[in-house]
Amino acid sequence: MAVRMKTQPTTLDQWLAYCEQLHPKSIDLGLERVRLVAERMQIRFTCPVITVAGTNGKGSTCAMLESILRQAGYHTGLYTSPHLVRFEERLMLQGEPVGTPDLVAAFARVESARCLNDAEVSLTYFEFSTLAILDVMARSALNVTILEVGLGGRLDAVNIIEPDCSVITSIDIDHTELLGLTREQIGFEKAGIMRTGRAVVVSDPLPPQSVLDYAKEIDADLWRCGVDFNVSGDKLQWAWAGRGRRYTGLAYPALRGANQLINAAGVLAALAALRERLPITAQAVRNGFAFVELPGRFQIVPGQPTLVLDVAHNPHAVAALSANLDAMGFFPTTHAVFGAMADKDIALMLAKIAPLIDQWYFTDLPTPRAASAAQLMEKWQVQNTRKGVTAALYSDPQQALQAAISAANPADRIITFGSFYTVGGVLKEGVPRLQAQHMSNI
């Protein structure tokens with residue numbers, strides 16, 4: 001049963017709290033309800049739309065697309081989720097978070113449409129907020145809209161918008177209770193963002209067959225990594241080639257991590273597919289890769305000790321994080337602040353990174369979905385075989401980080417990972433600049 005408010009909220013926090021109790025489920029996959037409200041609101045896009053789905057690499061792909069298109073002079077809108085610190089981060093207009101008053105007004109419009117003529121429609125928090133954000137974007141005179149899928153693809157709320165180009169990044173096992181137990185099943189859900197006759201870029205070098213089969217079935221214009229576009233390079237620079245276009249002598253993207261080159265390749269394929277509607281120069285490409293920023297994706301914060309922030313929250317992402325950490329070089333001790341959702345494969349996440357961690361700081365997170373710090377420690381203890389590794393429990397990420405700082409030497413590193421809540425928790429007061437306590441008097 002849908003819920004109608006007695007007094008309409010006036011602040012964003014009030015609206016978000018209201019949305020949380022509107023629907024009995026936090027996730028209710030399906031497009032009928034959200035599409036009905038969108039039609040009532042007459043949400044329409046006249047500019048090109050790029051929709052991005054995948055298990056990992058979505059945020060990085062979206063950030064690079066936005067950066068290059070902004071360098072090319074286009075007015076961009078980018079919707080991503082979840083946020084790290086403030087809800088407004090979910091909608092970036094011209095590279096800046098949306099204004100709170102614009103969101104408040106949009107939430108009110110969603111509520112009016114939801115309850116039109118007493119024909120109330122029940123919406124989840126994500127559906128309600130997605131509609132509000134899409135409404136703001138549709139009213140913002142954008143040249144290009146970039147939409148990141150929240151979960152899956154086929155039944156995700158953003159899929160009510162018709163994309164001109166779809167991008168599917170790496171696919172791995174995650175959200176199995178909703179998307180399926182295998183890469184093939186999950187791939188089919190991701191493939192749901194494809195459209196007949198329109199470009200779909202598959203940047204996963206080894207995509208599930210279900211993705212390729214669906215592209216063929218609906219006659220999408222498939223751009224496949226290693227087939228329709230390729231990358232090559234050395235330690236200093238890289239090149240991209242595909243379908244009549246080539247870029248050479250490119251500097252590596254500012255986003256760190258070995259996996260970013262695959263994401264960047266998919267970005268260039270998407271821009272090549274849309275070049276008639278969104279022409280860009282080689283200089284815009286170079287500048288876009290050079291200046292792109294994305295907090296919390298293998299973000300290295302210089303200091304003593306070094307701090308690494310990464311929202312890696314499934315085994316595939318943690319494996320990539322481990323490889324990137326391994327490539328950083330020698331650190332005497334690696335401290336890890338770790339908090340994660342209970343529905344993740346926590347044991348496998350721990351197994352992927354445990355050989356690199358010397359001291360653990362397990363933390364509670366401010367959401368019912370999260371595993372407790374005690375549960376995380378228990379899973380770690382079951383599989384730990386290394387002597388001398390220590391672990392402790394903390395009530396929040398800030399407290400855990402402060403404990404790590406107190407214990408660390410200047411030459412050590414601290415890794416904060418496992419969830420957006422974990423990384424967001426240490427970014428609440430801004431990016432920490434670390435200085436080991438025993439150095440404060442030097």
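The values are calculated or read from the model by the stated rules, or taken from the named source; none is laboratory data. Note that the structure is predicted; figures quoted are calculated from it, not measured. All Cβ positions, glycine included, derive from the backbone under ideal geometry; neighbour counts span all protein chains shown.
Restricted to the stretch 239-274, and to residues there that are of a type in the set (S, T, N, Q) and in a helix (DSSP H, G or I), the residue that is nearest to Asp221 (Cα to Cα) is Asn263.
Applying the criterion of being modelled with pLDDT of 95 or more and touching a strand residue (DSSP E or B) at 6+ places or on another chain (Cβ under 9 Å) to the residues of the stretch 150-161, the residue that is surrounded by the fewest Cβ atoms within 10 Å (Cβ to Cβ) is Ile161.
Go through the residues of the stretch 104-117 one by one and say whether even a single one is of a type in the set (S, T, N, Q), more than 27 Å from Leu268 (Cα to Cα) and in a loop (DSSP other than H, G, I, E, B). Looking for residues that are of a type in the set (S, T, N, Q), more than 27 Å from Leu268 (Cα to Cα) and in a loop (DSSP other than H, G, I, E, B), one finds none in the stretch 104-117, hence no.
One residue is enough: does the stretch 26-33 have a residue meeting the conditions over 27 Å from Cys165 (Cβ atoms) and modelled with pLDDT under 95? Yes, some residue in the stretch 26-33 is over 27 Å from Cys165 (Cβ atoms) and modelled with pLDDT under 95. Kindly check whether there is at least one residue in the stretch 242-257 that is small (Gly, Ala, Ser), touching a residue at least 40 places away in the same chain (Cβ under 8 Å) and farther than 17 Å from Cys62 by Cβ. No, because not a single residue in the stretch 242-257 is small (Gly, Ala, Ser), touching a residue at least 40 places away in the same chain (Cβ under 8 Å) and farther than 17 Å from Cys62 by Cβ.
When the stretch 77-103 is filtered for residues that are part of a helix (DSSP H, G or I) and farther than 21 Å from Leu36 by Cα, the ones remaining, listed by number, are Phe87, Glu88, Glu89, Arg90, Thr100, Pro101, Asp102.
A quick yes/no check of all residues on (1) modelled with pLDDT under 90; (2) part of a loop (DSSP other than H, G, I, E, B):
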| site | (1), (2) |
| --- | --- |
| Pro163 | no, yes |
| Asp172 | yes, yes |
| Glu177 | yes, no |
| Gly187 | no, no |
| Lys190 | no, no |
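So, Thr363, is that one among the hydroxyl-bearing types (Ser, Thr, Tyr) and in contact with a strand residue (DSSP E or B) (Cβ under 8 Å, 6 or more places away or on another chain) or not? When the stated conditions are applied, Thr363 passes them. Quick check on Ile50: is it part of a loop (DSSP other than H, G, I, E, B), at pLDDT 95 or above and within 28 Å of Ser166 (Cα to Cα)? Judged against the criteria, Ile50 is not a match. For the stretch 227-243, the candidate set comprises residues that are surrounded by 14 or more Cβ atoms within 10 Å (Cβ to Cβ) and among the small types (Gly, Ala, Ser); within that set, the residue that is nearest to Ala327 (Cα to Cα) is Gly233.
Of all the numbered requirements in (1) outside any loop (DSSP other than H, G, I, E, B); (2) of a type outside the set (Asp, Glu); (3) at pLDDT below 95, Gly329 misses one, and that requirement is (1).
For the stretch 365-404, taking the residues that are surrounded by 21 or more Cβ atoms within 10 Å (Cβ to Cβ) and among the aliphatic types (A, V, I, L, M), the one that is farthest from the chain's Cα centre (by Cα) is identified as Ala404.
If you go through the stretch 290-318 and keep only what is over 21 Å from Thr55 (Cα atoms), without any contact (Cβ under 8 Å) to a residue 60 or more places away in the chain and in contact with a strand residue (DSSP E or B) (Cβ under 8 Å, 6 or more places away or on another chain), you end up with just Ile300. Taken residue by residue, the stretch 122-141 has at least one member that is in contact with a His (Cβ under 9 Å, 6 or more places away or on another chain), assigned by TED's automatic domain parsing to the domain that holds Arg198 and aromatic (Phe, Trp, Tyr). Just one of the numbered conditions (1) at pLDDT below 95; (2) touching a Pro at 6+ places or on another chain (Cβ under 8 Å); (3) under 25 Å from His316 (Cα atoms) is not true of Ala17: (3). Within the option set Gln375, Gln283, being assigned by TED's automatic domain parsing to the domain that holds Ser67 and in a helix (DSSP H, G or I) holds for one residue only, Gln283. The residue of the stretch 342-351 that is surrounded by the most Cβ atoms within 10 Å (Cβ to Cβ), among those that are closer than 20 Å to Asn384 by Cα and out of contact with any Leu (no Cβ under 7 Å at 6 or more places or on another chain), is Met349.
Only one entry of Ile68, Ile43 meets the criterion of being closer than 27 Å to Arg198 by Cα, of a type in the set (Val, Ile, Thr), under 23 Å from the mean Cα position of the chain (by Cα) and not assigned by TED's automatic domain parsing to the domain that holds Gly418, and that entry is Ile68. Annotation: His335 fulfils all but one of (1) surrounded by 17 or more Cβ atoms within 10 Å (Cβ to Cβ); (2) in contact (Cβ under 8 Å) with a residue 24 or more places away in the chain; (3) not in a strand (DSSP E or B); (4) not basic (Lys, Arg); the unmet one is (3).
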